[in-house]
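A short write-up of the structure that comes next.
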Amino acid sequence: MEPSLQKPTMSCDSGLVERNIAGADPEGMWDSGAVDPPEEEGRTFMQVLSEKYSPENFPYRRWPGMGMVVVPTLPQGSPLKDRLNLPSVLVLAGCGISHAGEQREIAAFCAHVMELDLSLNKLQDWHEISKIVSNIPNLDFLNLSSNPLSEVVLEPSGAKAFARVRRLVLNNTQVSWNTVLVLTREMPELEELFLCLNEYTTVSASTVPCPTLRLLHITDNNLQEWAEVRKIGPMFPGLETLVMSNCNLSSIQDSEEMLRRLFPNLRSINLHNSGLNRWEDIEKLNQFPKLEDVRLQGIPLLQTYTNTERRSLMVAHLPSVSSLNGSVVTDGEREDSERFFIRYHVDYPEEELPYRYHCLVTKYGKLEPLAEIDLRPRCHAKVEVHCEDKVEEVSIRLDQTVAELKKQLRTVVQLSANQMRLYYIDKECVFGPEEMKYHTRALHSYSIQDGDELLVVPKAGRGTTTTAKPLSNLNSKTLTPPP
């Protein structure tokens, strides 16, 4: 159930709303007829929590993980209800939260919570966020996306509250890179970090690595220079997956030895829509010793190639990669791609041949271009039409029927369709002519080829006379019409 963005007229915790209104207007200056009250500055975490997960709004779910009845012991006079149906995954996105609220109440209700989504709120004080997180002892996942954190300083003491969080999402917060470093130093169990849409152009180097991080999403930033990207390696030495699509990275500039040391555990990299435009940059990906999954679409280098050429050339350039753009690379595809690579470069000048070409020639030898075979069905054929002593070459359509062919031949043999008997003579066949007697049969079913022959025999008794040998004597060399 998505949280409501509207302030309710009758909250599920009416006592809390009444207390807030009374406290905000001690002298009654906002009574009817007075000036308008000030705009609400935001709501507390506990205020939204008690409202959304009250029994009236969030009925108890009986199946595992969907709900838990929490009946905490609260201080006397607490405005909160004494019963909430709280699941272990709390979604409080877009609720206008700006403050934590009473910490004792957070601790009382949220001891079992493991995942918390606070995206699209008004949190702009790390101290308030720390109050929430420090009172949820089993918190594993925290999403703070789209909260205004660009100019907020996080002290190391406040970052200690995040020590148990393993997955942290800070997309579109414009949080500074220095704040990221403060967090990672105090998060010894951090495994996944999301920093998308934060307008980074540079990366601050860290003297304290975060060895537990396995996944870094840093898409939709503006990290164009490899000199900035390379700082990520020493910072997260255990990194296995790096997702930095839409970052406009222009090239990969380090030496082979340096690349092997920078990302020793990297298994997957996503560089979709980057600015890479040289095959040398693609080949440098081979220096990451454990890399097996590459995603590279929408880069300038590949724009001029066909889809088949793109994939084949990429597979051939990346011999250790087992998955390209989400599709498994089989052994058969790899061999076909490597052979294609050799043939693709066969006419290149020696000085323009890539290094990979020489490696593959050592493996397969120099390969000749494949013969071009057109497997499309034939549409036309040129045949010789024989009628009595007349011979004429005619181009016929093979998608028409025998009846339609007879109509086409009327002007050639000067006979109407019902005055002619038509025979097909296959020049490769030894069995003699085949009469084309079925008017609706398609010509392509006869397998007619260029150079084959058609014999037109006028029917007797229609004002014509014929002198012919018996039909059994007809073959491809004897075109005398049958009686």
How many Å² of accessible area per residue for region 361-416, probe 1.4 Å? 73 Å²
Kindly state, as a whole number, the per residue volume in cubic angstrom of the convex hull around the alpha carbon atoms of region 411-456. 89 Å³
Among N307, S251, Q287, which residue has its Cα positioned farthest towards the positive end of the charge dipole of region 243-348, with +1 placed on the Cβ of Lys and Arg, -1 on the Cβ of Asp and Glu, and the dipole taken about the Cα centre? S251
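Structure shown: which of K290/K366; K407/K437; K284/K366 lie over 23 Å apart, alpha-carbon to alpha-carbon?
Those over the limit are K290/K366; K284/K366.
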Please work out how much length the chain gains when fully extended from S445 to K363, using 0.36 nm per residue of separation minus the C-alpha to C-alpha distance, in nm with one decimal. 25.0 nm
With a ≥ b ≥ c the root eigenvalues of the C-alpha gyration tensor of region 377-424, is it rounded (a/c under 1.5), prolate (a/b larger than b/c) or oblate? oblate
At 4 °C in a medium of viscosity 1.567 mPa s, region 125-190 has a Stokes-Einstein diffusion coefficient, with Rh taken as the Kirkwood radius over alpha carbon pairs, in µm² per second, of 111 µm²/s
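Between K390 and V153, what is 0.36 nm times their sequence separation minus the Cα-Cα distance? Round to one decimal in nm.
Numbers: separation 237, 0.36 × 237 = 85.32 nm, distance 9.95 nm.
Once the chain is fully extended between K390 and V153, it gains 75.4 nm.
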Between H272 and Q303, 0.36 nm times their residue separation minus their Cα-Cα distance comes to what? 9.9 nm
Considering only protein heavy atoms, what is the solvent-accessible area of E192 at a probe of 1.4 Å, reported in Å² to the nearest 10? 60 Å²
Along the three principal axes, how long is region 193-325 when you take its alpha carbons, biggest first, rounded to the nearest angstrom? 45, 29, 23
Please report the accessible area of D399 (heavy atoms, 1.4 Å probe, ligands and nucleic acids excluded) in Å², nearest 10. 110 Å²
If one computes the Cα centroid of region 311-390 and of region 123-142, what distance in Å separates the two points? 58 Å
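When ranked by the protection proxy of mean other Cβ atoms within 10 Å per residue, highest first, what sequence do the peptides 376-382, 212-218 form?
The most tightly packed comes first, giving 212-218, 376-382.
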Label-point separation (nm) for Y348 and A403, each offset 7 Å from Cα along Cα-to-Cβ? 5.9 nm
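For region 101-257, what percent of Cα pairs sit more than 28 Å apart? The partial results should precede the final answer.
Values: 2340 of 12246 pairs.
Of all Cα-Cα distances in region 101-257, 19 percent exceed 28 Å.
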Beyond 20 Å, how much of the Cα-Cα pair distribution for region 340-458 remains, as a whole percent? 54 percent
Sorted by average packing, counted as other Cβ atoms within 10 angstrom per residue and highest first, what order do 161-167, 205-211 take? 161-167, 205-211
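The values are calculated or read from the model by the stated rules, or taken from the named source; none is laboratory data. For clarity, every value in this text was computed on a predicted model and none was experimentally measured. Reconstructed Cβ throughout: ideal geometry from the backbone, glycine too, with neighbour counts over all protein chains shown. Please note that ligands, DNA and RNA were not included when accessible areas were found on the heavy atoms of the full protein model with its side chains. Shrake-Rupley method; radii C 1.70, N 1.55, O 1.52, S 1.80 Å.
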